[in-house]
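The values are calculated or read from the model by the stated rules, or taken from the named source; none is laboratory data. On a predicted model such as this, the values are computed, not experimentally measured, just so you know. Here Cβ is always computed from backbone atoms with ideal geometry, including for glycine, and neighbour counts include all displayed protein chains.
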Amino acid sequence: MSDKPRTFPLPLSSVTDKGPKKQTVFSPVATPQTATRNAAHNAVYNTAPPKLRHAQPTLVPARPHAERTAPPAPPRPHALVSDAVRRAMVARVAKQGVHDPVVLAALDTVPRHMFMEEGLAAQAYIDASLPIGHQQTISQPYMVARMIEVMRNGANLARVLEIGTGCGYQAAVLACIAQEVYSIERIRPLHELAKSNLRPLRVANLRLHYGDGMLGLPQAAPFDGIILAAAGLQVPQALLEQLAIGGRLVAPIGERTQHLELVTRTGKADWTRQTLEHCHFVPLRSGVV
Ligand code: SAH
């Protein structure tokens, strides 16, 4: 696999315009992770997008050549969800310490506003987690990027598992950095929401599953990387067993006080653990609803 990020088959311009948005809300909504977000003060609005230091993904239009050479479309009316605003978000994430160019390019590729309800879409590129219904949240962009960077560790990953699909945003980012991605969600309406959010992006290398992610996905194991998007008191044993030898798992651990934990499988019965930064995620729960 090359070190280049994947690109979705559709040109962004064909999927970013969902029609008129409702009146936008500018103040971030307080949810888990907003407490720990690193750049709340970095308002996106009225700032020129800083230059991205890292490689930009090439967005390959799937349209026929004749259509591509047509005169450029008029500027899109929704400036708050534009490519430039997303680029500014990526530049902020880079400034916060995420340096992996593959991860930054993936973040620049995925239209985050398409994963949230229209009333919140204008907040899509601030560095905060936001509600997606059922008391769950879309993860903060910095945290998404950081976890993927830690899991990737500069390597090209063949098979990755995410626990907690939510609205599908992180799964779409993962699909840009790994050959095959599996994501599990325990709340059926959110599983359905992720499916409908991802449909227009036509992400061919992503499989969504409805089930209890604490049990993992033995039929697709072993995984080179596993990310948990919800916090438990410990990493479920099934997930440790489904990690390939040499594979890396990143999970938020804790209840009121949480930290990111990196688990590396070093042998058939050996795992090493490393405690990383403070974080705040929704709880990992067993069973399905
Ligand atoms: N990955 C999402 C974050 C979603 S929030 C994003 O891109 O923003 C975390 C999600 O984990 C919630 O949707 C919650 O329902 C789910 N979750 C919690 N426990 C789970 C479990 N045992 N199995 C699968 N999903 C779980």
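Among the residues of the stretch 117-124, are any closer than 23 Å to Ser196 by Cβ, part of a helix (DSSP H, G or I) and among the charged types (D, E, K, R)?
For the stretch 117-124, residues closer than 23 Å to Ser196 by Cβ, part of a helix (DSSP H, G or I) and among the charged types (D, E, K, R): present.
For the stretch 218-234, indicate whether the set of residues that are of a type in the set (A, V, I, L, M, F, W, C), surrounded by fewer than 16 Cβ atoms within 10 Å (Cβ to Cβ), more than 25 Å from Cys176 (Cα to Cα) and modelled with pLDDT of 95 or more is non-empty.
yes
Would you mind finding the one in Gly287, Gly213, Gly232 that is at positive phi and touching a residue at least 12 places away in the same chain (Cβ under 8 Å)?
Being at positive phi and touching a residue at least 12 places away in the same chain (Cβ under 8 Å) holds for just one of Gly287, Gly213, Gly232, which is Gly287.
Give Asp212, Asp224 a once-over and let me know the one that is of a type in the set (Asp, Glu) and within 26 Å of Ile132 (Cβ to Cβ).
None of the other options fit; the residue is Asp212.
When the residues of the stretch 125-151 are narrowed to those that are within 10 Å of the ligand (Cβ to nearest atom) and either assigned to a helix (DSSP H, G or I) or among the aliphatic types (A, V, I, L, M) (or both), which ends up farthest from Leu276 (Cα to Cα)?
So, considering only residues that are within 10 Å of the ligand (Cβ to nearest atom) and either assigned to a helix (DSSP H, G or I) or among the aliphatic types (A, V, I, L, M) (or both), the one farthest from Leu276 (Cα to Cα) is Ile132.
From the list Ile226, Ile245, exactly one residue is part of a strand (DSSP E or B) and away from the ligand (no atom under 14 Å from the Cβ). Which is it?
The unique qualifying residue is Ile245.
Within the stretch 170-189, can you find the residues that are near the ligand (Cβ under 6 Å from one of its atoms), touching a Ser or Thr at 6+ places or on another chain (Cβ under 7 Å) and not hydrophobic (A, V, I, L, M, F, W, C)?
Gln170, Glu185
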